[in-house]
1. Among (1) loosely packed, with under 12 Cβ neighbours inside 10 Å; (2) touching a Lys or Arg at 6+ places or on another chain (Cβ under 7 Å); (3) of a type in the set (S, T, Y), where does S79 come up short?
2. Scan region 1-10 for residues that are part of a helix (DSSP H, G or I) and among the charged types (D, E, K, R) and jot them down.
3. Taking the residues in region 11-22 that are free of Cβ contacts under 8 Å to residues at least 60 places away in the same chain and in a helix (DSSP H, G or I) as candidates, determine which candidate is nearest to D86 (Cα to Cα).
4. Among K88, K33, K2, which is surrounded by fewer than 12 Cβ atoms within 10 Å (Cβ to Cβ) and in contact with a helix residue (DSSP H, G or I) (Cβ under 8 Å, 6 or more places away or on another chain)?
5. Being among the aliphatic types (A, V, I, L, M), more than 12 Å from I75 (Cα to Cα) and surrounded by 10 or more Cβ atoms within 10 Å (Cβ to Cβ) is the filter here, so list the residues in region 5-22 that pass it.
6. Residues in region 11-61 that are of a type in the set (S, T, N, Q) and in contact with a strand residue (DSSP E or B) (Cβ under 6 Å, 6 or more places away or on another chain): how many?
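Read-outs: derived from the displayed coordinates by stated rules, not from any lab. Keep in mind the model is a prediction, meaning the values are calculated, not measured. Cβ coordinates were reconstructed from backbone atoms using ideal geometry, including for glycine residues, and neighbour counts include every protein chain displayed.
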Amino acid sequence: MKVYYFEEALKFLARLNDKERARVSRTREFFEKYDFSIGPKYIKKVKPNLWELRASTIRLFLYIVGEKAVGIHIIRKKSQKLPLKDVKLAEKRSKEI
């Protein structure tokens, strides 16, 4: 499943250091190759069609549309729970697709 990015997500990725960017890239490639069979260590369902791809402390929100995944929001997670404002923003952006 191919992953595409919203412009805002690309801007966030550009601000990451090389190590974090490489980790996100590897996790994304892993997901593209194995889809949802990569397991809960790397991916978790947040809402219908909205998934959280986990790359260490970086979380990429993916909106799934057919055979395509769109990276609509990305955050650096600092606590156990996902911030509600980030989930709401991801939901809002998913409606733009």
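1. Of (1) loosely packed, with under 12 Cβ neighbours inside 10 Å; (2) touching a Lys or Arg at 6+ places or on another chain (Cβ under 7 Å); (3) of a type in the set (S, T, Y), only one is false for S79: (2).
2. Matches in region 1-10: E7, E8.
3. Result: K11.
4. Of K88, K33, K2, the one residue that is surrounded by fewer than 12 Cβ atoms within 10 Å (Cβ to Cβ) and in contact with a helix residue (DSSP H, G or I) (Cβ under 8 Å, 6 or more places away or on another chain) is K2.
5. Of everything in region 5-22, just one residue is among the aliphatic types (A, V, I, L, M), more than 12 Å from I75 (Cα to Cα) and surrounded by 10 or more Cβ atoms within 10 Å (Cβ to Cβ), namely A22.
6. So the answer is 3.
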